[in-house]
Amino acid sequence: MSLHTTKPHIEESWKNLLTPEFKSEYFAQLKSFLLEEKKKYTVFPPGNEIFNAFNLTPFTNVRAVIIGQDPYHGEGQAHGLCFSVKRGVPPPPSLKNIFKELENDLGIPAPLHGDLTLWAQQGVLLLNATLTVRKNEAGSHQHKGWEIFTDAVISAISTNLNGIVFILWGKFAQQKALLIDSKKHFILKAAHPSPFSAYNGFFGCRHFSKTNEQLKKIGKPEINWALD
């Protein structure tokens, strides 16, 4: 699956866990689709960043999961972490609202960038349901196989780990609750941080402090949500 000039790579613990997915018929079809796409269009993120969420958050390091839907489709935005953009790229509206809630919840001022890598390095899996997109065409790679793959990721976390905090913003993410064993894990739900819905329950959800409360209860280290 060579997109751009760089090959995708996935961290070893995830590679071992997800071997059945990589060997499946649907994944072979997904690879073929992506190779054809690349011949005609620009695909985001670059190949070496498609599995960035997994490479920054090895399986056994996962403490929390934030589920997004689709990578950003603008030039230079997507880098494999849901809601995140590279340094030097202005934070999109949903991310700005995430930072507003972070400040309201924990008093952490909005950072000067939109790169959430520090969260990922602390065990927050920043997982989009679809891991690629055609430039300037939102949702263009939905229903091509990625959702089967990322549903398998969520199911594997639910089955094999304990005490994970799943953060589900918006109706799309909340549908993934069906894949999660709520007896073993904590599920936090709120409206999507998009400007269209943030005032319908995202603002005031306090999911950052609630995540740390849950982690503390079970003796896991809290997340330092500050990004600067």
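What to note about this one:
- When Ala226, Ala177, Ala156 are screened for being outside any loop (DSSP other than H, G, I, E, B) and either under 24 Å from Asp115 (Cα atoms) or touching a residue at least 24 places away in the same chain (Cβ under 8 Å) (or both), only Ala156 passes.
- Remark: Val43 falls outside the filter, which requires a residue to be free of Cβ contacts under 8 Å to residues at least 40 places away in the same chain, under 18 Å from Lys135 (Cα atoms) and not charged (D, E, K, R).
- Among the residues listed as Asn162, Asn136, the single one being touching a residue at least 12 places away in the same chain (Cβ under 8 Å) and at positive phi: Asn136
- Restricting attention to the stretch 69-108 and to residues that are part of a helix (DSSP H, G or I) and free of Cβ contacts under 8 Å to residues at least 40 places away in the same chain, the residue that is nearest to Trp119 (Cα to Cα) turns out to be Phe99.
- Residue that is surrounded by the most Cβ atoms within 10 Å (Cβ to Cβ), among those in the stretch 25-53 that are in contact with a helix residue (DSSP H, G or I) (Cβ under 8 Å, 6 or more places away or on another chain) and farther than 15 Å from Ala78 by Cβ: Leu30
One line per residue, one yes/no per condition, for (1) surrounded by 16 or more Cβ atoms within 10 Å (Cβ to Cβ); (2) out of contact with any Ser or Thr (no Cβ under 6 Å at 6 or more places or on another chain); (3) of a type in the set (A, V, I, L, M, F, W, C); (4) closer than 15 Å to Trp146 by Cβ:
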| site | (1), (2), (3), (4) |
| --- | --- |
| Pro71 | yes, yes, no, yes |
| Pro90 | no, yes, no, no |
| Phe99 | yes, yes, yes, no |
| Pro111 | yes, yes, no, no |
| Leu118 | yes, yes, yes, no |
| Gln121 | no, yes, no, no |
| Asn128 | yes, yes, no, yes |
| Leu131 | yes, yes, yes, yes |
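Taken together, the values in this text are just the output of simple stated rules run on the coordinates, not laboratory data. None of these values were measured; they are calculated from a predicted model. With ideal geometry, Cβ positions are generated from the backbone for all residues, glycine too; neighbour counts draw on all protein chains shown.
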